[in-house]
Amino acid sequence: MTKSVQNHHLMWDGCDTVALAKKYGTPLYVFSVNEIVKECQNIKAAFTEKYPNTRIAYASKAFSTIAMLQLIEKEGLCLDVVSGGELYTAIAANFPAERIEFNGNNKSIEELTLALEYGVGRIIVDGLQEIDLLQKIAQEKNKQVKILFRITPEVKAATHDFISTGQKDSKFGIPLDEEILWPTIQKAIDAPNIHFLGFHFHVGSQLADNAAHLAAAKIALDLVLAVKERCHYEVQELNYGGGFGVKYLPSDLRQPYSYFLTPLMELTEAFCTAHQLTRPTIVIEPGRSIVAEAGISLHTIGAIKELPGIRKYASIDGGMTDNIRPGLYQAKYTGLLANKADLPNEEVVTISGKACESTDILTKDLALPKVQTGDIFATFSTGAYGYSMASNYNKLAIPAVVFVKDGQDALVVKRQSYEQMIQNECSALAFI
Ligand SMILES: *Cc1c(COP(=O)(O)O)cnc(C)c1O
């Protein structure tokens, strides 16, 4: 078990979280290596080990550090990057180029150039403009580049609007309109330095319902058939994106991977058999589900403020700067006092951050044992889109990250120092 309690202390993958907070300071991100590996194994068992000709690409934007990418590499997964910075991190982690795919709705010339020079396996093209740009760069570099088109499947995922991406009115993907889509496909087929492989979609995130994936897959498969009929061209690859939901609160439903993947693959196989198509390679891109529940964050409780008859606030030494999800899309979390992990609840407390924003509330009205200054608050399921969205707002430092495994701990990202925070700033005294 990743989570346990010893001497009233929360243990994470065998490590005492109170001791970790003392050793490394807070705010601190703590990731269970065993938990990440277990997720990788679960998804491989439900997908790559079950169906031939499939790949899993970890969407690194969920949590991208050298140590994480090394772990993903070791587990045999591929990698999805969405920026030059994420690609640079992958290169720093020595991630094999062929196993990297590059997504994004506005890749720059510099980013595409870096991708071609490193030799990334796939570029997921998001629009007509990008095809022209890519052909030009590939020609200059004398390279062949494999691409997929990200399409907007025009399905509405059952999730928060802010993390829904497949609807027609979206900045992501190529619309299915006849006069936009087909010239784009034909252009990719004809471009001498481009090898058009197929289509990509990503319908949204934190999904507990497979309907959007299935509807989008049907649209992608129809396109495969249409490309064969209209362009006499065989699509070789389809990417069905990520979006598999995780458990933040005990009341959240976390579906097993098979809930999404089994019907998706059945639909795909049945369609291909019915239309005498060779089944394309199927790729998925999970981010959140690989890493969310493996990560917790630790904060120290500071100021406590009681408003009689209204609410009790306990403030932590971080907040929206290390986890913006509550402020950004009303994400809900639960947690406990890591140093009083099995003590009975005595009061209801709202855990607030220290940033100068009223939305900087981590959890509202949480039942906890008596809260005191100096207690360590542990938030669960912060592994995805927490550290990776951290900011220096209010000039708070980006936290440190520790990996833990079977009672051992290793620092994988140092805490940012004040000095590092301002290292790129220059004096303007001669100018002002
Ligand atoms: C964010 C994203 C993913 C991963 O989504 P999760 O919900 O974290 O699984 C996959 N593919 C693309 C293109 C994305 O933008």
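Could you pull out the trypsin sites (Lys or Arg not before Pro) across the range 393-428 that fall in loop regions by DSSP (anything but H, G, I, E, B) with no more than 13 other Cβ atoms inside 10 Å?
Loop-located and lightly packed - LYS414.
Put +1 on the Cβ of every Lys and Arg and -1 on every Asp and Glu Cβ in the chain; which of GLY335, MET320, PHE260 then has its Cα farthest towards the positive end of the dipole?
GLY335
Between the alpha-carbon centers of the range 1-24 and the range 179-242, tell me the distance in whole angstrom.
Going from one Cα centre to the other spans 46 Å.
In nm, to one decimal, how far is the ALA274 label point from the ALA303 one, both placed 7 Å along Cα→Cβ?
Once both label points are built, they end up 6.2 nm from each other.
Might you report the magnitude of the Cβ-based charge dipole of the range 64-286 about its Cα centre, with Lys and Arg at +1 and Asp and Glu at -1, to the nearest 20 debye?
Roughly 240 debye for the range 64-286.
With Cβ to Cβ distances under 13 Å as the rule, what net charge do the other residues near GLN236 carry (K, R +1; D, E -1)?
Counting the neighbours of GLN236, the net charge comes to +3.
Based on Cα positions only, what radius of gyration and what Dmax would you give for the range 186-255, in angstroms?
For the range 186-255, the Cα-based Rg and Dmax read 16.3, 53 Å.
Can you give the angle from 0 to 90° between the axis of helix 211-231 and the longest principal axis of the chain, with both taken from C-alpha atoms, to the nearest 10?
Approximately 20 degrees, to the nearest ten.
Quick one: grab Rg to one decimal and Dmax as a whole number for the range 64-286, Cα atoms only, in Å.
Final numbers for Rg and Dmax: 17.3, 54 Å.
Might you report the magnitude of the Cβ-based charge dipole of the chain about its Cα centre, with Lys and Arg at +1 and Asp and Glu at -1, to the nearest 20 debye? Write down the numbers at each step before the final one.
Numbers: 41 positive and 49 negative charges, 121 e Å.
It works out to roughly 580 debye.
Over 24 Å between C-alpha atoms is what I'm after, so list which of LYS247/LYS405; LYS38/LYS370; LYS3/LYS38 land there. Please list the in-between numbers first.
Working: LYS247/LYS405 21 Å; LYS38/LYS370 35 Å; LYS3/LYS38 14 Å.
Where the Cα-Cα span goes over 24 Å, the pairs concerned are LYS38/LYS370.
Which one, TYR118, PRO153, HIS232, is farthest towards the positive end of the dipole of the chain when Lys and Arg carry +1 and Asp and Glu -1 on their Cβ?
The one lying farthest along the dipole's positive direction is TYR118.
Below 8 Å, C-alpha to C-alpha, sequence gap of six or more: please give me the relative contact order for the range 301-432 in percent.
Across the range 301-432, relative contact order equals 24 percent.
Assuming a ≥ b ≥ c are the square roots of the Cα gyration tensor eigenvalues, decide whether the chain counts as rounded (a/c under 1.5), prolate (otherwise, with a/b larger than b/c) or oblate. All intermediate terms of the calculation are to be shown ahead of the outcome.
Details: a/c = 2.07, a/b = 1.67, b/c = 1.24.
Note, shape of the chain comes out prolate.
Just list whichever of LYS61/LYS143; LYS187/LYS228; LYS143/LYS187 have alpha carbons separated by over 25 Å in the model shown.
Beyond 25 Å: LYS61/LYS143.
Once each part is reduced to its C-alpha centroid, what is the distance from the range 357-376 to the range 56-130 in angstrom?
37 Å
Restrict the search to the range 348-432; then list the GluC sites (Glu not before Pro) that DSSP places in a loop and that have at most 11 other Cβ atoms within 10 Å of their Cβ.
Passing both the DSSP loop test and the Cβ count: GLU425.
Taking only C-alpha pairs under 8 Å that are 6+ residues apart, what is the relative contact order of the chain in percent?
Working: 937 pairs, mean separation 83.7, N = 432.
That works out to 19 percent.
Values in this text are rule-based calculations from the coordinates and carry no lab data. Given the structure is predicted, the values throughout are model-derived calculations rather than measurements. Virtual Cβ from ideal backbone geometry, glycine too; neighbours counted across all protein chains shown.
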